[in-house]
Amino acid sequence: MSFQKLGLSESILKAIADQGYSNPTPIQVQSIPIILEKKDVLAGAQTGTGKTAGFTLPMLELLMQKNVKKQKHQIRALVLTPTRELAAQVENNIEIYSRYLPLTSAVVFGGVGINPQKAKLKKGVDILVATPGRLLDLVGQKSLDLSRVEFLVLDEADRMLDMGFIHDIKKVLALLPNHRQNLLFSATFSDSIKKLADNLLNEPALIEVARRNTSAESIAQAVYHVDKGRKKELLSHLIQKENWKQVLVFMRTKHGANKLTKQLELDGISAAAIHGNKSQGARTKALADFKAGSIRVLVATDIAARGIDIDQLPHVVNFELPNISEDYVHRIGRTGRAGNDGEAVSLVCIDEKDYLKDIEKLIKKDIKKIYEDGFDVDPSIKAEPIQRGRGGQQKGRGGRGGSQRSGSRNPNNSRGSNSSSGARGQRGSGNSRSQSNAHRGSNRGR
Ligand code: AMP
């Protein structure tokens, strides 16, 4: 299958050729013709599958077909994403794919000044990528008119619900015209996603690439059994021994991410941390340095890492296993993208044994176990409850009641109750909806 056969016009094909893509990915093969038929779509696609081009290319095509000498730019396509990083990245892709088209795009998210965003919107924008909170702030300040939206894309919808955005999403939907095409992308399909899809989508076409919750075949996975207190040492050892040049490390907490970064630096390994307590400028710089290769290790919390897209990222390390098994799939999806090989390594101590079991159950395979020489596990160490971040809450294994997801997905419980970081969520200052913001911010601030 070639891009030429998918019904895209020359200007779009040229932009794709510039990117060096030779063939569409499986999600693109499926989604492009269906979206061009103006159908609503419910797509199960993990990040790294090429889903962004999967929805952007046909959307651009349709926007151009209907581009009947519009007098001025107005928002005709709205893409909602859970995080700033993903929003920036999606908009960057849209800019690339639309470079030969007379369409304009912009991105808005919290944590940065609102005025430059207002100025950009004033000039006129056809395609807007946004995180929900800032979008509503801009609507509240009368800087946005969403009454002409023809396309709505919810990208990483599962993560938006995890982060407690459902109310914001509903508010946004109420601002849109009834007649529009809706595209919902999600890596997983919980009941709440199904409910959202039922309400939002009109006889959607279902697209699913890679089987749900299975980790990509191109990713080699391994577990190193190690004592908790020796994880930092083992990580430095592996990076040096294996000569890993570009490593994304996942940590459960911001504090942990900072501490690990310091230790790596002490070990002579260049590293930076990226999480919700860092300013947007610091996050952008860390990511740019990492992409450019001037930083060898990027240490990230789950939410901050969401949407990080680096071609051919070779190594992902779970310094700690995530307490939600699906997050494991998301995390290791950062490597092995678009058909490249990748390696995902998890450092697992005795406390995390049950998490590992849950993950293996979800991905339906046993992960290779490695005991590194010189890092023998001390059998006298007993398992302890796992410390979780978000305001120093502790959630013991017992609290999970044996179910991986119990008490974790609902933003009204442990994930959402840490208000200390709420004010540092995606939203800028000066908003009045503080109650729900603080509530959501705890997730976004991770
Ligand atoms: P996404 O799943 O949208 O985050 O895309 C993952 C990566 O795949 C991005 O770096 C894209 O630039 C890249 N990509 C998208 N489509 C293709 C394609 N047809 N061929 C090669 N790479 C692609």
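Listed values, structure above:
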| read-out | value |
| --- | --- |
| Among residues of the range 122-145, those that are under 30 Å from residue 17 (Cα atoms) and touching a helix residue (DSSP H, G or I) at 6+ places or on another chain (Cβ under 7 Å), counted | 5 |
| Single residue of the range 43-57 satisfying the filter (at pLDDT 95 or above and either not in a helix (DSSP H, G or I) or not β-branched (Val, Ile, Thr) (or both)) that is nearest to the ligand (Cβ to nearest atom) | 53 |
| Residues (within 13 Å of the ligand (Cβ to nearest atom) and of a type in the set (Val, Ile, Thr)) located in the range 90-109 | 90, 94, 96 |
| Residue count, the range 160-207 (criterion: of a type in the set (Asp, Glu) and either crowded, with 21+ Cβ neighbours inside 10 Å or modelled with pLDDT under 90 (or both)) | 3 |
| Selected residue (only one of 236, 279, 270 is modelled with pLDDT of 90 or more, of a type in the set (Ser, Thr, Tyr) and within 27 Å of residue 112 (Cβ to Cβ)) | 270 |
| Single unsatisfied condition, residue 87 versus (1) modelled with pLDDT of 90 or more; (2) within 9 Å of the ligand (Cβ to nearest atom); (3) of a type outside the set (Phe, Trp, Tyr); (4) closer than 22 Å to residue 200 by Cα | (2) |
| Scope the range 59-74; condition buried (at least 24 other Cβ atoms within 10 Å of the Cβ) and either away from the ligand (no atom under 15 Å from the Cβ) or within 22 Å of residue 193 (Cβ to Cβ) (or both); matching residues | 59 |
| Check on residue 264, at pLDDT 80 or above, assigned by TED's automatic domain parsing to the domain that holds residue 237 and more than 16 Å from the ligand (Cβ to nearest atom) | yes |
| Residue tally, condition among the β-branched types (Val, Ile, Thr), within 11 Å of the ligand (Cβ to nearest atom) and within 20 Å of residue 99 (Cβ to Cβ), over the range 6-35 | 2 |
| Enumeration of residues in the range 23-41 that are outside any helix (DSSP H, G or I) and at pLDDT below 95 | 23, 24, 25 |
| Test: residue in the range 148-157 that is within 16 Å of the ligand (Cβ to nearest atom), over 17 Å from the mean Cα position of the chain (by Cα), modelled with pLDDT of 95 or more and under 26 Å from residue 37 (Cβ atoms) | no |
| Single condition residue 82 does not satisfy, out of (1) assigned to a helix (DSSP H, G or I); (2) closer than 28 Å to residue 162 by Cβ | (1) |
| Residues satisfying the stated conditions in the range 249-300, i.e. in contact (Cβ under 8 Å) with a residue 60 or more places away in the chain, in a helix (DSSP H, G or I) and among the hydrophobic types (A, V, I, L, M, F, W, C) | 287 |
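The values are calculated or read from the model by the stated rules, or taken from the named source; none is laboratory data. Note that the coordinates shown come from a computational prediction; the quantities given were computed from them, not determined experimentally. Positions of Cβ are generated from backbone atoms using ideal geometry, with glycine treated the same way; all protein chains shown enter the neighbour counts.
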